[in-house]
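Enquirer: Below is the structure I would like to discuss, written out as structure tokens.
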Amino acid sequence: MLFNSLVFLFLFLPVTYCVFWLLKTTPQRHVWLMLTGYVFYGYWDPRFCLLMAFTTLVSYFAGLGFLKYSDPRARKLLLIIPITTDLMLLGFFKYAGFTARSLNDAFQALGMPWSVPVVDVILPIGISFYTFHTISYIVDAYRRDITPTRSFFEFGAYVSLFSQLVAGPIVRFRQIEKDLENLATANRWALLPIGLSFFIFGLVEKVIIADSLAHFVDPWLADYQSLSTGGAWLAMLGYTMQLYFDFCGYSSMAVGLGLMFGLRIPQNFNSPYRSRDPSEFWRRWHISLSTCMRDYIYKPLGGNRDGNAMMYRNLMLTMLIGGLWHGASWNFILWGAYHGALLVAYRLSANAWDALPKLVAGTLMFVLVVIGWVLFRAVDLDMAMSLYSKMFIPTAGSIPETAGTFAVVIAIATLWSTAGPNVFEFHERFKPTAKQLAFTAIAGGIALALITGVRPSPFLYFQF
Amino acid sequence: MYSKLVTLIRLGLICVLVVAGAELGARADDWTFEGVPFLASPRESDLWTSTNGVRHGRPNAQFRKKTFNNLGLEGPEIGAHPGNGCVRLLFLGGSETFGVAQIQGGHYPEHVRALLSDKHCVEVLNGAIPGMTVASMIAFWREHAHLAQPDIVFIYPSTHFYLSEQEPRPLPAATEAKSQTGAADQPALSLSDSRFFGRLLDAIELPQVIQVRRQQAWLEAQVVGKPAGWLYESPPHERVQLFVAHVQELVREIRASGARVVLGTHAIRVAGQPRAEDHEDLFAMRTFTPRATESALAAFPYLVNDALREYASRESLPLVDAARELSSRRENFVDLVHFSPVGTERMSQLVAAGLEKQMVAQVQTHAVQ
């Protein structure tokens, strides 16, 4: 079920919330959160729950092992086995088909008579996210950054927490460990207004802005071959805004839901389109993912410790893996490579880049991001190349009659994303005043009207 | 006590603000994306009116994405005759041809227009009305549709209404429409004027289990007190004959006006011998045709289509055999009869191909005249 669906808003959430706060002890609340997480996840497909349960069990027992064993070899095994298990599962469900198809294409291109059977498997929703949760738990336990929990239900609640289960933010155990332990003493009445406010803010971002943009972007890009240069740029600008508000909106809702249950989920977006360089962009966009990639891939590879050449290599590898994480497709690998190249280019030219006027640097970075999103949105390389050629080679074509309205919506979204407050800035000095409550209630009503309309749109990041 | 009262009042005010915001949002959304005036309270009944007891579209009406022209048909504004060298094409049918708002992908007449416009100058008018039977098409043609003076009429007749309690007759369509939809006169102002509540009612569905149980109980109640043989266990041949007789009458009347006729066979999602996966669709359709069992519902369109093919062959009437190409392939439909986006695409290709010869002939006729 989606956060912006009636069954979630009027059935799942009220029941989950009321029962949670009727329960008195922390362990009871852990059990409830875990159960509701499985109900939420099972709503998509009950079979997915078995996979998540298996991953949870493996990681939980590995955590207990870390508590019991201090021998380095044993600890190494406790690190390698569950991570390998998680990655094998992820590899099978997400990458097996892609790998087989790519190998077959390569064999064909080389004139070889071999072929690999292609197994098309249903991708369990959110597998990339909860796998990251369990892997981060194992690694942090191995590094002794956290003390693994003995409570199965506490760990189960952490993995299956419905607010961030299927599309993040990627929350590390250490980030909510204290909140999980203190659920019994959480202040419901202090958390409810701010949690609701975050949730409704996110709903507005998703339902009012992102879905309104989707109304234009999807049909325009469905017929991308007939677009002119102007049309292609407008479509990609629209997608740039749609992706941000869709994903940011979801993250804001996840934060709000967490707060409503006494859990402080970290910020995932910090107005990334204000960035003036690639490095800043990755400190502002999908923060939970970029910090995980930094801590679990970039630094273990060596980071910037072994000279510039190795640093550039590590940046590229990290971003390639990051691209691959998003999807089993050459488009995503190229997108990762593109951002890796941008990071390397920035490192090579940091002095010159940082000397640029802020507006110039900001505009340049924004345009570079838009160019990257073409690879993200295109269904295949042909579409990506076609869009690039339209964007950079003057091409005549059609501009749909909705262009005027589309441009206005893009302009409003761009203004909000660059100059307006993001959800955390908006709530920095949050006080549930009458004016704020009234505004939130009206905004919530508007979002509710759009949810019940005839233009549904799933969350874009669910596909990862 | 006082503080509780204050809390209740605050909650009440918040609810009022939420509803006000929802109403505002619904109206702004309709205005932005569907061009509905902000303060209007459109109802679906705004689309319809009647002349001499015959229901038809109201000239220049609009409801959601549906807009009617000066003659109350969906399509461009029309004069007495189409432009030079242009061919005027009229579609007649039920909701499959009219289009269903909740189904993405458009309805097939619009796609046919796009396909034919590549090669011809064509005015496409959609005269379909949800719930229209062949019998009511006769009255509709006589009283209203003939005014459009089409060059070609494509008839896509819905078959399942011929399994209803009463035999369809070429009565004034207003009577039939009322009995089918049960529409009563709308009060001057009602909750249905709220755009938000309209959306909410559309969006809320009872769980499937409850819907099925309610319908089962309703169906059982329909049979109570009925005479033996009332329930059609197999397709009633007299209704097949009646259907074809009405088609013949309609074709005669249209041809008498000088227009060409192209007939379509009625495509449905289920097989003539129902499969396990067909049960849900057939069960849902029994809400409209409680008199027929599922096997009768499934087999009836196939018998009717066979009869239509025979008739078309006998009369040398151009036929678009949609049923042969599309029926029983579930991907073509979202329910028993309404096309999915895939089905819409295929249907429009079929119809455009079927109309092509008539289009060419009509253009030649215009040239000679």
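Enquirer: Report, largest value first, the span of the C-alpha coordinates of the stretch B:250-291 along each principal axis, in whole Å.
Expert: Answer, in whole Å and largest first: 46, 19, 12 Å.
Enquirer: How large is the translational diffusion coefficient of the stretch A:351-404 in µm² per second when you combine the Kirkwood radius over alpha carbon pairs with Stokes-Einstein at 10 °C and 1.306 mPa s? Don't skip to the end; give the middle numbers.
Expert: Working: Rh = 13.4 Å.
For the chosen part, D equals 118 µm²/s.
Enquirer: Now a separate question. List, largest first, the extents of the alpha carbons of the stretch B:260-369 along their principal axes, each in whole Å.
Expert: 54, 31, 20
Enquirer: As an exercise, take the mean of 1/r over every pair of distinct alpha carbons in the stretch B:74-134, invert it, and state the Kirkwood radius in angstroms.
Expert: 12.4 Å is the Kirkwood radius here.
Enquirer: Next up: Per residue, how big is the convex hull of the stretch A:95-141 when only Cα atoms are used? Give it in Å³.
Expert: Each residue corresponds to 93 Å³ of Cα convex hull volume.
Enquirer: Something else about it: Quick one: putting +1 on the C-beta of Lys and Arg, -1 on the C-beta of Asp and Glu, what dipole do you get for the stretch A:328-464 around its Cα centre, in Debye to the nearest 20?
Expert: Roughly 340 debye for the stretch A:328-464.
Enquirer: Right, another one. Quick one: 3J(HN,Hα) in Hz for the stretch A:419-425, Karplus 6.51/-1.76/1.60 with θ = phi - 60°, rounded, Gly and Pro as x.
Expert: Going residue by residue, I get 10, x, x, 7, 5, 6, 4 Hz, with x marking Gly and Pro.
Enquirer: Please work out the FRET efficiency for the pair A:S70 and A:D354, using the Cβ-Cβ distance as r and a Förster radius of 35 Å; give the result to the nearest 0.05.
Expert: With R0 = 35 Å, the Cβ-Cβ based efficiency is 0.15.
Enquirer: Now a separate question. Taking chain B as a whole, which cysteines find no other cysteine Cβ under 4.7 angstrom from their Cβ?
Expert: So, B:C15.
Enquirer: Can I get the semi-axes of the stretch B:1-106's equivalent ellipsoid? Compute them from the C-alpha gyration tensor as square roots of 5 times the eigenvalues, in angstrom, largest first.
Expert: Values: eigenvalues 390, 42, 33 Å².
One finds semi-axes of 44, 14, 13 Å for the stretch B:1-106.
Enquirer: Summing both sides, how much accessible area is buried between A and B? Use a 1.4 Å probe and give Å² to the nearest 100.
Expert: Accessible area lost upon association: around 1500 Å².
Enquirer: Please list, by residue number, every one of the chymotrypsin sites (Phe, Trp or Tyr not before Pro) in the stretch A:105-193 that is coil in DSSP and has at most 15 other beta-carbon atoms within 10 Å.
Expert: A:W114
Enquirer: Treat each spin label as a single point 7 Å out from the Cα along the C-beta direction, and report the A:V119 to A:A411 distance in nm.
Expert: 5.4 nm
Enquirer: For the stretch B:298-348, what does the convex hull of the Cα positions come to per residue, in cubic angstrom? Numbers along the way, then the final one.
Expert: Numbers: hull volume 3.5 nm³, N = 51.
Dividing the Cα hull volume of the stretch B:298-348 by its residues yields 69 Å³.
Enquirer: Quick one: grab Rg to one decimal and Dmax as a whole number for the stretch A:106-250, Cα atoms only, in Å.
Expert: 22.0, 68
Enquirer: If you plug each phi of the stretch A:364-370 into the Karplus form 6.51 cos²θ - 1.76 cosθ + 1.60 with θ = phi - 60°, what whole-Hz ³J(HN,Hα) values come out, in order, with x for Gly and Pro?
Expert: 4, 5, 4, 4, 4, 5, 4
Enquirer: May I pose another question? Taking each pair of different alpha-carbon atoms in chain A once, compute 1/r for the pair, average those values, and report the inverse of that mean as the Kirkwood hydrodynamic radius in Å to one decimal.
Expert: Mean inverse Cα-Cα distance, inverted, gives 23.6 Å.
Enquirer: From Cα coordinates alone, what are the radius of gyration and Dmax values for the stretch B:226-304 in angstrom?
Expert: Just the Cα atoms of the stretch B:226-304 yield Rg and Dmax of 15.3, 47 Å.
Enquirer: For chain B, what log10 I(q)/I(0) values come out of the Debye formula at q = 0.06, 0.13 1/Å, with one point per alpha carbon and no solvent?
Expert: -0.26, -1.12
Enquirer: Any idea what diffusion coefficient the stretch A:300-410 gets from Stokes-Einstein, in µm²/s, Kirkwood Rh on alpha carbon pairs, 20 °C, 1.002 mPa s?
Expert: On the way: Rh = 16.2 Å.
Approximately 132 µm²/s, per Stokes-Einstein.
Enquirer: Provide a whole-number value for the mean count of partner chain Cβ atoms within 10 Å of the Cβ atoms in peptide B:196-207.
Expert: If you average over the peptide's residues, the count of other-chain Cβ atoms is 3.
Enquirer: Report the Cα-based extents of the stretch B:192-325 along its three principal axes, largest first, to the nearest Å.
Expert: The Cα atoms of the stretch B:192-325 stretch 50, 45, 30 Å along the principal axes, largest first.
Enquirer: Relative to the compact-globule scaling 2.2 N^0.38 Å, provide the ratio for the alpha-carbon radius of gyration of the stretch B:320-369.
Expert: 1.50
Enquirer: Non-local amide H neighbours of B:V320 (under 5 Å, H modeled in plane, Pro and chain starts lacking H): which ones?
Expert: Sorted by chain and number, the residues that satisfy this are B:L263, B:G264, B:T265.
Enquirer: Among the listed pairs A:K94/A:K178; A:K390/B:K66; A:K178/B:K4; A:K24/B:K4; A:K431/B:K4, which are separated by more than 27 Å between their Cα atoms? Could the numbers behind the result be given before it?
Expert: Working: A:K94/A:K178 33 Å; A:K390/B:K66 34 Å; A:K178/B:K4 34 Å; A:K24/B:K4 24 Å; A:K431/B:K4 21 Å.
From the list (A:K94/A:K178; A:K390/B:K66; A:K178/B:K4; A:K24/B:K4; A:K431/B:K4), the Cα-Cα distance tops 27 Å for A:K94/A:K178; A:K390/B:K66; A:K178/B:K4.
Enquirer: Divide, for the stretch A:163-245, the radius of gyration over alpha carbons by 2.2 N^0.38 Å, where N is the residue count.
Expert: Ratio of Rg to 2.2 N^0.38 Å for the stretch A:163-245: 1.63.
Enquirer: Could I ask something else about it? So what's the convex hull volume per residue for the Cα atoms of the stretch A:203-314, in Å³? Don't skip to the answer; put the middle values down first.
Expert: Numbers: hull volume 16.5 nm³, N = 112.
Cα convex hull per residue, to the nearest whole number: 148 Å³.
Enquirer: Taking only the alpha-carbon positions of the stretch A:171-210 and ignoring solvent, what does the Debye formula give for the base-10 log of I(q)/I(0) at q = 0.17 Å⁻¹?
Expert: Calculated log10 I(q)/I(0) at the listed q: -0.64.
Enquirer: Inverting the mean 1/r over all pairs of different Cα atoms, compute the Kirkwood radius of the stretch A:103-191 and quote it in Å.
Expert: 16.2 Å
Enquirer: Work out the FRET efficiency for A:S226 and B:R255 from their Cβ-Cβ distance, taking R0 = 56 Å, and round it to the nearest 0.05.
Expert: E between A:S226 and B:R255, to the nearest 0.05, is 0.90.
Enquirer: Could you give me the percent of Cα pairs per 20 Å distance bin for the protein assembly as shown, shortest bin first, beginning at zero and ending with the bin that holds the maximum distance?
Expert: Histogramming the protein assembly as shown at 20 Å steps yields 13, 38, 34, 14, 1 percent.
Enquirer: How many percent of Cα pairs in the stretch A:22-140 exceed 20 Å? Don't jump to the answer; show the numbers that get you there.
Expert: On the way: 4048 of 7021 pairs.
The answer is 58 percent, as a whole percent.
Enquirer: Any lysines with Cα under 26 Å of the A:K76 Cα? List them, leaving off those in the same chain fewer than 8 positions away.
Expert: Reachable lysines: A:K68, A:K299.
Enquirer: While we're on this one: Search the structure for amide H atoms under 5 Å from the amide H of B:T51, placed 1.01 Å from N in the peptide plane, and list their residues when 5 or more places away or on another chain.
Expert: Hits under the 5 Å cutoff: B:H56.
Enquirer: Can you give me the pair-distance distribution of the stretch A:347-457, C-alpha pairs, 5 Å bins, whole percents?
Expert: Going out from 0 Å in 5 Å bins, the stretch A:347-457 shows 2, 8, 8, 14, 18, 15, 13, 10, 7, 4, 1 percent.
Enquirer: Another question about this same structure. Can you run phi through the Karplus equation (6.51, -1.76, 1.60; θ = phi - 60°) for the stretch B:235-248 and list ³J(HN,Hα) in whole Hz, with x for Gly and Pro?
Expert: Listing the rounded values in order: x, x, 5, 5, 6, 4, 5, 5, 4, 5, 4, 5, 4, 4 Hz.
Enquirer: Hey, what number do you get for the protein assembly as shown at 222 nm if only DSSP H runs of n ≥ 4 count, each worth -39500 (n - 2.57), divided across all residues, to the nearest 500?
Expert: -18500 deg cm²/dmol, from helical runs alone.
The values are calculated or read from the model by the stated rules, or taken from the named source; none is laboratory data. Just so we're clear, the structure is a prediction, and the values are computed from it rather than from any experiment. Positions of Cβ are backbone-derived with ideal geometry, glycine not excepted, and every protein chain shown enters the neighbour counts. The protein model used for the area step is the full one, side chains on, heavy atoms only, and it has no ligands, DNA or RNA in it. Shrake-Rupley method; radii C 1.70, N 1.55, O 1.52, S 1.80 Å.
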